[in-house]
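Peer 1: Just dropping this structure here.
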Amino acid sequence: MQVRTRFAPSPTGFLHIGGARTALFSWAYAKRHQGQFILRIEDTDVARSTPEAVQAILDGMEWLGLDYDEGPFYQMQRMAQYKTIIQQMLADGSAYLCYCSKEELDALREQQMQQGVKPRYDGRWRPEDGKDLPVPPQGVPPVVRFKNPSTGVVAWDDLVKGRIEIANAELDDLIIARADGTPTYNFCVVVDDWEMQISHVIRGDDHVNNTPRQINMLKALGANIPQYAHLSMILGDDGQKLSKRHGAVSVMQYDEEGYLPEAVLNYLARLGWSHGDEEVFDMQQFCQWFDLDHITASAAQFNTEKLNWLNAHYIKTCPQEKLITETIKRLKAKGVFAEATSQLSDAIALYRERANNLNQLAQDIAFFFVAPVANNMDVEKHITPEALPIMSAFVTKVSKIDWSVEAIHMAMNDIVTEHQVKFPKLAMPLRVMLTGGAQSPSIDQVMFILGREVALQRINAYLS
RNA sequence: GUCCCCAUCGUCUAGAGGCCUAGGACACCUCCCUUUCACGGAGGCGACCGGGGUUCGAAUCCCCGUGGGGACGCCA
């Protein structure tokens, strides 16, 4: 069977982490089976859909590298098709007109809630053999409802949750076209999944409840029923549900915050899915391994610490060229202008091992390009009166050496020997003078990259 | 309220009746490396929600309970 999956976001906001994982799994499943991955924009809610949101979703997909074989399709451009099918259903009796007003429906719902029963449409306009329907009221545009089977059960073997059965008696006749004639979500999904020949519907488990209705409609249309895989939700770092109000952020924000897409992808892949003990793998590997059998049925809590760890890994293994580009961009955002020089490259090479974030990496090496403002506590602690003569001697010595890491290191050794002090007595003040802080890689390497002129200038600023 | 889903270390997870004295990873702690901080290396801490079954044997299967979550729109 040809595997065809789809990602079908509604453009009412950015692509968040949960949507990204859903897209990732659908994408990977298609890749794994040499199938097609389709992007479909579900924009039938005209009031809430925006072109900006469409763009945000496209941007997010692109940043993550989730390419699609077909689409993006826009449901608003498929209106004619939906309406044709609605007419057919009306004609063959699988759908009918309902003249209930919203007010009537609200009253019904409220009454049912009070009685402690599941709120649902009571079928007052549903045609039935031997049943007399009310007379359609004047001037009320009807909605179209799907005539859901009233008996029996709908069941499917969910690829992540196992068999799920719902009694048709639990379902009501859902509206498939609004009073203004526009089709609703559940109906459009059905038509699209059918016509786009989707073989596997991989989506969030907030859609579990829609599935039986969709299956019933698919059956009424004589369509094949796709396989369903419902993914559990992703909770925030605090275990709370993610929402626009609480913690849900665009995947693009991870870019802004200094994460590499490789890290986000790897992290997301392991959130709710596993392949034995494998933790670190690229998307090519993931696409070879990915299966629906190893998806967890329970919700997963997001863990930024682990994402950071993966980000550190991908910063270490990232091509140097990409790191240079990223760092220049991020330095610029801090108002530090650097060019792709060998000095920048050397600085990155020296610091990339210790960074778990691109913004941090930029921050760490900014002092190479802009004189640092030293931390007062570090200055007090390390640049003591006793340190100054040592530093003076060091300046004198280092002014005359060949400019190499080895020579600088030897000079440092000579000075500590001559002054009979431990190495840190020289290294620490030097570190503070050169970098502005007490933490850095080997200071001889830092000094070498900084260059003799700038290094001496920074030291002398403390000596005068 | 009604229906549906879920339940292993703090977190992500391995686990398909004996391989489990429950494995890995993040975090945390200790030690090593060391020129500070990281990185890296070696250890450590740490979990099967509760109760009943089924079975020679259950983290794994069944039931009940409890706790979480989701859905009940002319939203998607």
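Peer 1: Take the alpha carbon atoms of the range A:166-201, find their center, do the same for the range A:429-452, and report the distance between the two centers in whole angstrom.
Peer 2: 65 Å
Peer 1: For a footprinting-style exposure proxy, rank A:SER392, A:SER232 by other Cβ within 10 Å, fewest first.
Peer 2: Ranking A:SER392, A:SER232 by Cβ neighbours within 10 Å, fewest first, gives A:SER392, A:SER232.
Peer 1: Additional query: Taking Cα atoms, how many degrees apart are the long axis of helix A:79-92 and the longest axis of chain A, rounded to 10 and kept between 0 and 90?
Peer 2: 30 degrees
Peer 1: Classify the range A:1-85 from the C-alpha gyration tensor, please: rounded if a/c falls under 1.5, else prolate or oblate depending on whether a/b exceeds b/c.
Peer 2: oblate
Peer 1: May I ask you to list the residues of the range A:427-464 whose amide nitrogen lies under 14 Å from a point 7 Å from Cα along the Cα→beta-carbon direction of A:VAL373?
Peer 2: Taking a point 7 Å out along Cα→Cβ of A:VAL373, the residues of the range A:427-464 whose backbone N falls under 14 Å are A:436-437.
Peer 1: Could you tell me how far the Cα centroid of the range A:59-128 sits from the Cα centroid of the range A:223-242, in Å?
Peer 2: Each part reduced to its Cα centre gives a spacing of 21 Å.
Peer 1: Quick check: from the Cα gyration tensor, does chain A come out rounded (a/c under 1.5), prolate or oblate? Let's see the in-between values first.
Peer 2: Values: a/c = 3.49, a/b = 3.12, b/c = 1.12.
Prolate shape, in that a/c is at least 1.5 and a/b is the bigger ratio.
Peer 1: Take the cross-link list A:LYS322/A:LYS397; A:LYS31/A:LYS161; A:LYS219/A:LYS241; A:LYS31/A:LYS322; A:LYS334/A:LYS422 and give me the ones stretching past 28 Å between alpha-carbons.
Peer 2: Going by Cα-Cα distance, A:LYS322/A:LYS397; A:LYS219/A:LYS241; A:LYS334/A:LYS422 fall outside the 28 Å limit.
Peer 1: For A:LYS332, list the aspartates and glutamates whose Cα falls under 16 Å from its own Cα; do not include residues on the same chain fewer than 8 positions away.
Peer 2: Counting by Cα, and skipping residues close in sequence, A:LYS332 has these aspartates and glutamates nearby: A:ASP255, A:GLU256, A:GLU257, A:ASP364.
Peer 1: Further question: Could you put A:LEU265, A:LEU310 in order, starting from the residue whose Cβ has the fewest other Cβ atoms within 10 Å?
Peer 2: The fewest-first ordering by Cβ neighbours comes to A:LEU310, A:LEU265.
Peer 1: At 222 nm, what value in deg cm²/dmol follows for chain A if DSSP H runs of at least 4 each add -39500 (n - 2.57) and the sum is divided by all its residues, to the nearest 500?
Peer 2: Taken over chain A, the calculation gives -14000 deg cm²/dmol.
Peer 1: What is the distance in Å between the Cα centroid of the range A:133-158 and that of the range A:244-322?
Peer 2: When both Cα centres are located, 43 Å separates them.
Peer 1: Cα-based Rg of the range A:376-463 per 2.2 N^0.38 Å, rounded to two decimals?
Peer 2: In units of the 2.2 N^0.38 Å rule of thumb, it is 0.95.
Peer 1: Based on Cβ point charges of +1 for Lys and Arg and -1 for Asp and Glu, what charge dipole magnitude is obtained for the range A:329-436 about its Cα centre, in debye rounded to the nearest 20?
Peer 2: It comes to approximately 380 debye.
Peer 1: Here's a follow-up. For chain A, take the longest principal axis of its alpha carbons; what is the angle in degrees between that and the long axis of helix A:342-351, to the nearest 10 within 0 to 90?
Peer 2: Orientation of helix A:342-351: about 70 degrees from the principal axis.
Peer 1: Using alpha carbons only, how many degrees (0 to 90, rounded to 10) separate the axis of helix A:387-398 from the longest principal axis of chain A?
Peer 2: 80 degrees
Peer 1: OK, next. Please rank A:GLU321, A:GLU256, fewest neighbouring Cβ atoms within 10 Å first, as an exposure proxy.
Peer 2: Going from sparsest to densest Cβ surroundings: A:GLU321, A:GLU256.
Peer 1: Counting only trypsin sites (Lys or Arg not before Pro) that sit in a DSSP loop (anything but H, G, I, E, B) with at most 16 other Cβ atoms within 10 Å, what is the longest stretch of chain A containing none of them?
Peer 2: A:246-333
Peer 1: Let me check I've understood the local charge: for A:ILE57, count other residues with C-beta under 12 angstrom from its C-beta, Lys and Arg +1, Asp and Glu -1. What total comes out? Can you show the working numbers first?
Peer 2: Numbers: positive: A:ARG40; negative: A:GLU42, A:ASP43, A:GLU52, A:ASP59, A:GLU62.
Here the charged neighbours net out to -4.
Peer 1: Among residues other than A:GLY276 whose Cβ falls under 14 Å from its Cβ, what is the net charge (Lys/Arg +1, Asp/Glu -1)? Don't jump to the answer; show the numbers that get you there.
Peer 2: Numbers: positive: A:ARG270; negative: A:ASP277, A:GLU278, A:GLU279, A:ASP291, A:ASP293.
In short, -4.
We did not get these values from a lab; they are worked out from the coordinates using the rules stated. Everything numeric in this text was worked out from a predicted model, so none of it was measured. Glycine gets a Cβ as well: all are built from the backbone with ideal geometry, and neighbour counts include every protein chain shown.
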